Amino acid sequence: MEALKDMRCESCRRGAPTVTHEEMRMLLPEVRHWQVEEEGGVPRLTRVFEFPDFASALEFTNRVGAVAEEQQHHPLVTTEWGRVTVKWWTHKIGGIHRNDFIMAAKTDDVFAAA
């Protein structure tokens, strides 16, 4: 099976299905540092990345933004001194789509290269 980080996001339309509990159980080990958190009734993949300073955190934020633009799938990113919180979910469907797992894996890849 192709690694999530090597996959491309597919165009997602309103009404597309969210991942099932079984799919989520199978995909979470591939993005093991990510947590599923619910905010306002909407599940999101969430991870906090730690950095030694603000400049490193900002550089990471910009790299994640570039990947998001390339894939046309965008996260909620909070950049602070020494840390960046990234949250993936698909707004159009109000939940987690396979694209969100792909982007979480791509985000991990950006972090590993930092």
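The values are calculated or read from the model by the stated rules, or taken from the named source; none is laboratory data. All figures in this text were calculated on a predicted structure; none of them were measured in a lab. For neighbour counting, all protein chains shown are included, and Cβ atoms are generated from backbone atoms with ideal geometry for every residue, glycine included. Quick note on the areas: whole protein, heavy atoms, side chains included, nothing else; ligands and nucleic acids left out. Shrake-Rupley method; radii C 1.70, N 1.55, O 1.52, S 1.80 Å.
Looking at segment 9-34 only, could you name the residues that are open to solvent by 90 Å² or more (accessible area, probe 1.4 Å) and within 18 Å of H91 (Cα to Cα)?
E10, S11, R13, R14, P17
Give N99, N62 a once-over and let me know the one that is polar (S, T, N, Q) and either free of Cβ contacts under 8 Å to residues at least 60 places away in the same chain or open to solvent by 80 Å² or more (accessible area, probe 1.4 Å) (or both).
Of N99, N62, the one residue that is polar (S, T, N, Q) and either free of Cβ contacts under 8 Å to residues at least 60 places away in the same chain or open to solvent by 80 Å² or more (accessible area, probe 1.4 Å) (or both) is N62.
Going through segment 68-81 one residue at a time, which ones are surrounded by fewer than 16 Cβ atoms within 10 Å (Cβ to Cβ) and without any contact (Cβ under 8 Å) to a residue 60 or more places away in the chain?
Scanning segment 68-81 gives E69, E70, H74, L76, T78, E80, W81.
Taking strands (runs of 3 or more DSSP E) that do not extend beyond segment 15-114, which have at least 3 residues that are charged (D, E, K, R)?
Counting at least 3 such residues, we get 35-39, 42-50.
Testing V84 on (1) buried (at least 16 other Cβ atoms within 10 Å of the Cβ); (2) farther than 17 Å from F111 by Cα, one condition comes back false. Which one is that?
Condition not satisfied by V84: (2).
Is segment 47-57 home to any residue that is touching a residue at least 40 places away in the same chain (Cβ under 8 Å) and closer than 12 Å to D100 by Cβ?
yes
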